[in-house]
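S.K.: Have a look at this one before I ask anything.
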Amino acid sequence: MKLSLIIPSFYPATVYGGPIFSTLHTCYALAKLDDMEIYVSTTNTNMTSKLDVETNKWKKFEDNFYVKYYDETKVDKFSLQLYLNVWKDIKIADVVHIQGIFNTPIPISLFFARLYKKPILLSPRGSLGAWCLENGSSSKQKWLEWFIKPFAYNIVWHATAEQEKNEIQAIFPNSKVEIISNGIEYDLFQEFSVFQKQEFMTKFAKKEIEVEKIIVSMGRLQKKKGFDILIDSFVIVLEQYPKAKLFIAGQNEDEEDNLLQQIKELGLVDKVFLTGAINGQEKIDFLANADLFVLPSHNENFGNVYVESLAAGTPIVASKNTPWSEVEEADCGKWVDNSVDETTSAILEMLTKDKEKMQVNSRKLAQKYDWKNIALQFKEVFEDIVMKNRKNKSKKEGGK
């Protein structure tokens, strides 16, 4: 089965955060399955620059896994090269998986996939949440009406959780939605360096300051993530744990200056640290050596970093705007409103829990999200929509 996966940006454009890694690992896992060939059509955008990659040519990532980067005519906006050529990639495929909503490659890819009568799986990647729709461009509703709605009921949608399914169907009622979560390389998160708290402080803050509790957070520095709520909560946490420290890791997306100003005004210099982006083994070490991970996001369709923290053995505090209610039943976290009061109470409660028990519970929950299991679920969906597409074609041809 030939899969055409169309996505506006792809690895190594890690500046875009978790979705880049989740898509990459899904492709690797799918390529290892029998009867699967993966062809990724993307661009060379890297937010404010271009990736140093060869364009308009298939690059082999692994057996049965190829990527073609089209040159961005205007960085992070549109690719004329993709518009003119992506039809060729779609035409040779058995099934088309399109990722994104408010990106210029999406409508043109939907159009050609329908033109060539290919079955389509569309992943909005969290962009249809109420908070996301209410913030940002005022033209989102028009975009949905003009460019997505004409295709919305002739495709299968992909959601990463029940919450995202509800968000999709709130806009496109009765649309067909399949739920497949994101995943992790679970085994990768079992190998990490163990730091004493002072070593952690020196490594990630570059300062030698006494530390008692280490709370971490991670995500692109944008308003959506609710880091301002976390910082306000941390002020109250310090009343009970005056030697606690908060570390926030992530690439800046227009929010860093606001957070630094908040830290300064609250007198949290040498208490709260923005580390910048952390990746690879350093990221695993960062998560595994913390006492608690907290991210009071305004909206997440999944939130890879939550399960990454769990896999590293660190319990979490997640907001009710994310799909992580199961951490409460698994006794490895709290799922609360992303208010300052609720976030503070959750942090204080989690810091009193037995750390070894939390590590065991966290890893146990994370295991079910291993990429091998996620890839099998995707393959089942692809096979199902291909089979149904063929039956529909046969019925139409038989009726002529």
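S.K.: Touching a Ser or Thr at 6+ places or on another chain (Cβ under 8 Å) and within 22 Å of residue 360 (Cα to Cα): which single residue out of 233, 297, 309, 217 fits that description?
M.R.: 309
S.K.: Do we find a residue being assigned to a helix (DSSP H, G or I), surrounded by 14 or more Cβ atoms within 10 Å (Cβ to Cβ) and out of contact with any helix residue (DSSP H, G or I) (no Cβ under 9 Å at 6 or more places or on another chain) anywhere in the range 225-241?
M.R.: Yes, the range 225-241 has at least one match.
S.K.: What about residue 194, is it within 19 Å of residue 286 (Cα to Cα), touching a residue at least 24 places away in the same chain (Cβ under 8 Å) and of a type in the set (A, V, I, L, M)?
M.R.: In short, yes.
S.K.: Name the residues in the range 120-140 that are farther than 15 Å from residue 177 by Cβ and not basic (Lys, Arg), would you?
M.R.: 130, 131, 132, 133, 134, 135, 136, 137, 138, 139
S.K.: So residue 10 fits all but one of (1) of a type outside the set (Gly, Ala, Ser); (2) without any contact (Cβ under 8 Å) to a residue 60 or more places away in the chain; (3) not in a loop (DSSP other than H, G, I, E, B); what number is the exception?
M.R.: Condition (3) is where residue 10 drops out.
S.K.: Just give me the residues in the range 314-366 being over 19 Å from the mean Cα position of the chain (by Cα), surrounded by 15 or more Cβ atoms within 10 Å (Cβ to Cβ) and among the β-branched types (Val, Ile, Thr), in sequence order.
M.R.: 336, 340, 343, 344, 347
S.K.: With (1) in a strand (DSSP E or B); (2) touching a Ser or Thr at 6+ places or on another chain (Cβ under 7 Å); (3) not small (Gly, Ala, Ser) as the list, and residue 90 as the residue in question, which single condition is left unmet?
M.R.: Exception for residue 90: condition (1).
S.K.: From the residues in the range 206-224 that are of a type in the set (A, V, I, L, M) and farther than 29 Å from residue 299 by Cβ, which one is surrounded by the most Cβ atoms within 10 Å (Cβ to Cβ)?
M.R.: 211
Let's see how each residue does on (1) in contact (Cβ under 8 Å) with a residue 60 or more places away in the chain; (2) surrounded by fewer than 17 Cβ atoms within 10 Å (Cβ to Cβ); (3) not assigned by TED's automatic domain parsing to the domain that holds residue 301:
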residue	(1), (2), (3)
23	yes, no, yes
31	no, no, yes
38	no, no, yes
49	no, yes, yes
56	no, yes, yes
62	no, yes, yes
65	no, no, yes
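S.K.: With the condition kept exactly as written, say whether any residue in the range 52-72 is of a type in the set (Phe, Trp, Tyr) and in a loop (DSSP other than H, G, I, E, B).
M.R.: No, the range 52-72 contains no residue that is of a type in the set (Phe, Trp, Tyr) and in a loop (DSSP other than H, G, I, E, B).
S.K.: May I pose another question? Which residue, of 318, 312, 346, is farther than 22 Å from residue 238 by Cβ and of a type in the set (A, V, I, L, M)?
M.R.: None of the other options fit; the residue is 312.
The values are calculated or read from the model by the stated rules, or taken from the named source; none is laboratory data. Keep in mind that this is a model prediction, so the values were computed, not measured. Ideal geometry is used to build each Cβ from the backbone, glycine not excepted, and the neighbour counts take in all protein chains shown.
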